[in-house]
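The values are calculated or read from the model by the stated rules, or taken from the named source; none is laboratory data. From a predicted model like this one, the values you see are computed outputs, not experimental measurements. Glycine gets a Cβ as well: all are built from the backbone with ideal geometry, and neighbour counts include every protein chain shown. To get the accessible areas, we keep the full protein, side chains included, count just its heavy atoms, and leave off ligands, DNA and RNA. Shrake-Rupley method; radii C 1.70, N 1.55, O 1.52, S 1.80 Å.
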Number of protein chains: 6
Amino acid sequence: MLKQAKNRVGRNAILLAMLEDEEEHGLIAHLNALNWRYCKGKVGSMDLQKIVSAVETAAKRNGIVNGDLYREMHALYHAVLEAMQGVTRGQVELGGLMRTVGLRFAVMRGTPYENEAEGEWIAVALYGTIGAPIRGLEHETIGLGINHI
Amino acid sequence: MLKQAKNRVGRNAILLAMLEDEEEHGLIAHLNALNWRYCKGKVGSMDLQKIVSAVETAAKRNGIVNGDLYREMHALYHAVLEAMQGVTRGQVELGGLMRTVGLRFAVMRGTPYENEAEGEWIAVALYGTIGAPIRGLEHETIGLGINHI
Amino acid sequence: MLKQAKNRVGRNAILLAMLEDEEEHGLIAHLNALNWRYCKGKVGSMDLQKIVSAVETAAKRNGIVNGDLYREMHALYHAVLEAMQGVTRGQVELGGLMRTVGLRFAVMRGTPYENEAEGEWIAVALYGTIGAPIRGLEHETIGLGINHI
Amino acid sequence: MLKQAKNRVGRNAILLAMLEDEEEHGLIAHLNALNWRYCKGKVGSMDLQKIVSAVETAAKRNGIVNGDLYREMHALYHAVLEAMQGVTRGQVELGGLMRTVGLRFAVMRGTPYENEAEGEWIAVALYGTIGAPIRGLEHETIGLGINHI
Amino acid sequence: MLKQAKNRVGRNAILLAMLEDEEEHGLIAHLNALNWRYCKGKVGSMDLQKIVSAVETAAKRNGIVNGDLYREMHALYHAVLEAMQGVTRGQVELGGLMRTVGLRFAVMRGTPYENEAEGEWIAVALYGTIGAPIRGLEHETIGLGINHI
Amino acid sequence: MLKQAKNRVGRNAILLAMLEDEEEHGLIAHLNALNWRYCKGKVGSMDLQKIVSAVETAAKRNGIVNGDLYREMHALYHAVLEAMQGVTRGQVELGGLMRTVGLRFAVMRGTPYENEAEGEWIAVALYGTIGAPIRGLEHETIGLGINHI
């Protein structure tokens, strides 16, 4: 069974990606108390590859995943792709479809299940805007990918 | 331009769908001050049709949309479908792929742009779990759809 | 090279599916002069299977394809699926996504290329409405599939 | 309810995109009598972005949509994407899949419902050829997207 | 790095699913020497759910995965879905698109990387026929899904 | 009805793509006895276009298809695309999703049905690895496309 709301990797990743700096103090304190590994960052691009790359690089640099271990990178990669499907809603494509994103992302690695044998899971949350490559012609978007790691 | 974070339809819909009852007081007060129309609800099913139907019915009953006006139902329908793409991440299918969801949803109709001429927009947020039709074999999922209305 | 507009299988199938009975006399005379095989019909359903089945049955009964020859049924089947992608625009699904269609269809088998060695090709055109399972809550839709046969 | 065939945005957009110059006189007279806004154009490319861009630019220049209003550009954008799904039938991709298109397009903005409260709708129709980047190795294709505006 | 061909989970799963009984003796001996867990089975249906279910049940009954541990079932589920995408090539749907499959499947769990830290991976291979629900109107199809476990 | 296993185009194409050079002698002898046309090759790229192009070029150069006849190139093209869907499992995209493939491919043209009237069919098989653009961070993948020709 999943733990209660405050101890879930998805919900915490979404809040970390979505809350403004001045709103996140309580969340950060809670995550530190959980002793989970996490990071957040920003990326804007018409190029999907840059989104994938920004999240992977941040996760490796902050020690969320071990970049030399394929099983960890494989888990992270599929979580990123699933999150991008929420962001793009149908065609996982940006510039080719004449659109661009401005995203904040969070990666979180923790133990969201009551049963210890379920081990660690990773969540990737993306939140921001998607729209035409013209300032202001955009609306919000979100995506979440979760995988066992 | 989109208004600042607290006055966006997507972010507010996500928080309304995701926060526990005891966490949402501040959000509800804020939404009421904005004078926006919104509703929330719960639905669990292996049947996509029931998810679509539950959101549409709640939105109509709570006066978020006018069920007799196709242009409003069309706007809502596409927002629901886009939200389901975040939830299902690839194939918009549940039972056929041997999986089920337990979701909380929020529908929000407001004016998220600084330019008044941008008028009203509708957001549908879905948050909950997706997994095998066996209690506990599930992880979190989220989806957001936004449309002009 | 494709022949000029009037001697193309796709354009003729679209017109046959889309024109009202009182508009199609010139088209029918032209098709008969070309000596091509064609048929038209109607089908309405929330069930994709019934759309596929209605088109296949009409094509077999009218001698457009030989139902005992898999290579002909394979060519027709893929043309129907491609036409359904235009109709559904993203997810090839109807009732599961809480929507229904009312379609007129045409199947046309002819020789649209100047080079005789290009042989016969088949076109499936679908035109009608798609929308909620409530009368009037619907808009137009079209699809065209083409294959060598 | 949709108006009868001659007063529908989709059917008119398809005919405008598909008819040869010498065939379209009656259609143009009818559209002008309806007092609807419309335009037509041509675009050929292996690059999806150029197709989207050509349609958007034509619609803005001809006053079909207001390019400064995101809600109008959002309505148009989704209509273009839906039309491209009919053209590409499965993967909304051209050059990456080693194929190119030569399309004629029409954009039409009108009032296709009997109920005046349903307001304005926009249709984007694309008709032409798709195939290998070698002259003649191509067949016909069509797509239609419709949205409230 | 992946080990050489004979010690890969995907290739072995494909051969196990594809070889006739009289051809597989050498393969079985090799797999037993590797000391990997594997099983094979057959399933025919117009219903995707039955395919997923047949593979999951066989994998649990043969001890390839622990059915009580979600992280193992999650790994297996995504491998099955990815294999079904190869089988269905575009729309992960069978009966709704008026087609049926007759498949042999293999599930294999082993250590295909030279680096021991890469641990165990699971492969699901499906091989058989797909076609109309009429005997003989069918062609071959294959799919392979691989995941860390 | 399909002929027995050894005389099927899909199975033979898969084996030809997957077997190591030292394993394929029996297969080659069998194919030559069948008097079928076939070829094999290798291609590695982050660019889908190069995969499509490599297979098409090999098939033309080896006389499997007639490059001047669109109906043959159309049959081959769709077989390649279907095979790529098995390889990419969901989004037919490589570099844009930050991944690369190293593939061996086989194209086979033969008569796999007992009924002579079913004529010739073409199979394209792809087997190899897919993963991050970093050596070793990859797993196996397969795809098969089949079409009448």
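Which positions within the range C:126-149 get 30 Å² or more of their accessible surface covered by the other protein chains, compared to the chain by itself, with a 1.4 angstrom probe?
For the range C:126-149, once contacts with the other chains are taken into account, C:Tyr127, C:Arg135, C:Gly136, C:Leu137, C:Glu138, C:His139, C:Glu140, C:Ile142, C:Leu144, C:Ile146, C:His148 lose 30 Å² or more.
Take each of the peptides B:121-127, B:51-57, C:19-25, average the number of other beta-carbon atoms within 10 Å over its residues, and list them starting from the highest.
On the way: B:121-127: 28.1, B:51-57: 20.6, C:19-25: 11.6.
Ranked by mean Cβ neighbours within 10 Å, highest first: B:121-127, B:51-57, C:19-25.
Does the protein assembly as shown classify as rounded, prolate or oblate by the C-alpha gyration tensor (a ≥ b ≥ c root eigenvalues; a/c under 1.5 gives rounded; else a/b over b/c gives prolate, otherwise oblate)? Mind dumping the intermediate values first?
Working: a/c = 1.76, a/b = 1.00, b/c = 1.76.
Note, shape of the protein assembly as shown comes out oblate.
Give the relative contact order (percent, whole number) for chain C; include only Cα pairs under 8 Å separated by 6+ residues.
Details: 299 pairs, mean separation 46.9, N = 149.
After rounding, I find 31 percent.
Check F:Gly44: other-chain or 5+ apart residues with amide H under 5 Å from its amide H, H built from backbone geometry?
Those lying under 5 Å, H to H, from F:Gly44 are F:Leu103.
What are the equivalent ellipsoid semi-axes of the range D:5-148, built from the alpha-carbon gyration tensor (square roots of five times its eigenvalues), in whole angstrom, biggest first?
Numbers: eigenvalues 132, 60, 31 Å².
They are 26, 17, 13 Å, listed largest first.
What part of the accessible area of the protein assembly as shown, given as a whole %, is carbon or sulfur when the probe is 1.4 angstrom?
Taking all protein chains in place, the protein assembly as shown shows 45 percent carbon and sulfur surface.
Once E and F are treated as a pair rather than alone, how much accessible area drops out, both sides summed, in Å² to 100, probe 1.4 Å? Don't skip to the answer; put the middle values down first.
Numbers: alone 8260 and 8260 Å², together 13630 Å².
Result for this pair: about 2900 Å² buried.
For the range A:5-148, what does the accessible surface come to per residue with a 1.4 Å probe? Please give it in Å². Please report the intermediate quantities before stating the final value.
Details: 4770 Å² over 144 residues.
It amounts to 33 Å² per residue over the range A:5-148.
Which lysines have a Cα less than 29 Å from the Cα of F:Lys42, not counting those fewer than 8 places away in the same chain?
Within the straight-line cut-off, F:Lys42 pairs with A:Lys50, E:Lys3, E:Lys6, F:Lys3, F:Lys6, F:Lys50, F:Lys60.
Taking accessible area as the heavy-atom solvent-accessible surface of the protein chains with a 1.4 Å probe, which residues of the range B:1-24 lose no less than 50 Å² upon going from the isolated chain to the full protein assembly?
Residues passing the criterion (a loss of at least 50 Å², heavy atoms only) are B:Met1, B:Leu2, B:Arg11, B:Met18.
Shortest first and in nm with one decimal, please list how far the C:Asn62 label point sits from its counterparts in the other copies (point 7 Å along Cα→Cβ).
So the distances to the same position in the other copies read 3.2, 4.2, 4.9, 4.9, 6.1 nm.
For the range C:111-143 and the range E:13-92, what is the separation of their C-alpha centers, rounded to whole Å?
What the calculation gives is 39 Å, centre to centre.
5 Å is the cut-off here: which amide hydrogens, built 1.01 Å from N in the peptide plane, fall below it relative to C:Ile142, excluding neighbours closer than 5 in sequence?
Amide H neighbours of C:Ile142: D:Leu144.
³J(HN,Hα) across the range B:89-99 via Karplus (A = 6.51, B = -1.76, C = 1.60, θ = phi - 60°), whole Hz, x for Gly/Pro?
6, x, 10, 6, 7, 10, x, x, 9, 6, 9
Give me the residues in the range E:93-113 whose solvent-accessible area, probe 1.4 Å, is reduced by at least 10 Å² once all protein chains are included instead of the chain isolated.
Residues of the range E:93-113 that lose at least 10 Å² of accessible area once the other chains are added: E:Glu93, E:Gly95, E:Gly96, E:Leu97, E:Met98, E:Arg99, E:Tyr113.
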